[in-house]
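Student: One structure coming up, written as structure tokens, with questions to follow.
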Amino acid sequence: EGAQFAWGHPSIRPILLTSVFWNLGWFVLQSIYALYAVQRLGFGATQIGASLGLYGVGLIAGALLAGWLSQHVRFGMLIAIGPLASIVASALLALTLVGPPVLAYAAFFVFGAGPVLWTIASTTLRQAVTPQAMLGRVSALVMMASFGARPVASLLGGTVASVFGLQWAILLSLALFGVQAAMILASPIPRLQALPGQASQNL
């Protein structure tokens, strides 16, 4: 019943699909990044740790900016910022295939700063448009689908890197982030001016 409601809702379905494809892209990347950083970027342990640490710095920066952005950006675009930032971050990382390795630092900062806005805003929207009796089931569905994508993506990333090379796993991650951005941009969500006032209100 929760899955039927979520799939039929014009707000929750794109949130669900975007979340699944974001996790696919992120865990394809996570499965191969350390090896890629060593073999292709020439990073040592310190550089790998610093680049990954900037993801956490980005999370904090994005969370601190959330309140200000909510006052200056319409609600729907606040949700879309995360997926858009992710495709930018993934493109920055893909550019390290031909460009300077320092782009990896910027990529992980953006990976943190943008998607945390998505987490805050999309969760708020999902809870606002879901009837109270459905909240647990819809939340469980989104978590199961998002977390369930992670081991699949890790296996996929490792397999692609082993068979075709690390660069193709990086490009696969970029493609998956492109899909997640397209999912949310093709939905009505970016056009939302404000949070719907009632759980029963449709877009």
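Student: Using 0.36 nm per residue, how much length does the chain from Met77 to Ala140 gain when fully extended, once their Cα-Cα distance is taken away?
Tutor: Between Met77 and Ala140, full extension yields an extra 20.2 nm.
Student: What does the accessible area of Arg137 come to, in Å² to the nearest 10, when a probe of 1.4 Å is used?
Tutor: Here the residue's solvent-accessible area equals roughly 110 Å².
Student: Another question about this same structure. So how far apart, in nm, are the two label points at Val98 and Trp68 if each is 7 Å from Cα heading toward Cβ?
Tutor: 3.5
Student: Can you figure out the FRET efficiency of Val152 with Ala45, using R₀ = 22 Å and their beta-carbon distance, to the nearest 0.05? Intermediate results must be reported in sequence, preceding the final value.
Tutor: Numbers: r = 29 Å, r/R0 = 1.30.
For Val152 and Ala45, the calculated efficiency is 0.15.
Student: Where does the chain land at 222 nm, in deg cm²/dmol rounded to the nearest 500, when only DSSP H runs of n ≥ 4 count, each adding -39500 (n - 2.57), divided by all residues?
Tutor: -28000 deg cm²/dmol
Student: Just how much of Phe27 is accessible, in Å², when a 1.4 Å probe is used and the result is rounded to the nearest 10?
Tutor: Surface open to solvent at Phe27 totals about 50 Å².
Student: Can you tell which of Pro115, Pro83, Pro190 shows the greatest fluctuation in a Gaussian network model of the chain with Cα springs below 10 Å?
Tutor: Per the Cα network of the chain with a 10 Å cutoff, Pro190 tops the list.
Student: Gain in length, Thr124 to Phe164, computed as 0.36 nm per residue apart minus the alpha-carbon separation, to one decimal in nm? Could the numbers behind the result be given before it?
Tutor: Working: separation 40, 0.36 × 40 = 14.40 nm, distance 4.04 nm.
Gain on extension, Thr124 to Phe164, equals 10.4 nm.
Student: Summarise the accessible area of the chain (1.4 Å probe, protein heavy atoms) by the percent that is carbon and sulfur.
Tutor: C and S fraction of accessible area: 69 percent.
Student: How high is the relative contact order of the range 1-146? Use alpha-carbon pairs under 8 Å, at least six apart in sequence, and give a whole percent.
Tutor: The value is 35 percent.
Student: Give the ranking of His72, His9 by solvent-accessible surface, highest area first, calculated with a 1.4 Å probe.
Tutor: Descending accessible area places them as His72, His9.
The values are calculated or read from the model by the stated rules, or taken from the named source; none is laboratory data. Nothing here was measured: the structure is a model prediction, and the numbers come from that model. Neighbour counts are summed over all protein chains in view; Cβ atoms, including those assigned to glycine, are modelled from backbone coordinates with ideal geometry. Areas reflect the complete protein model, heavy atoms only, side chains present, ligands, DNA and RNA absent. Shrake-Rupley method; radii C 1.70, N 1.55, O 1.52, S 1.80 Å.
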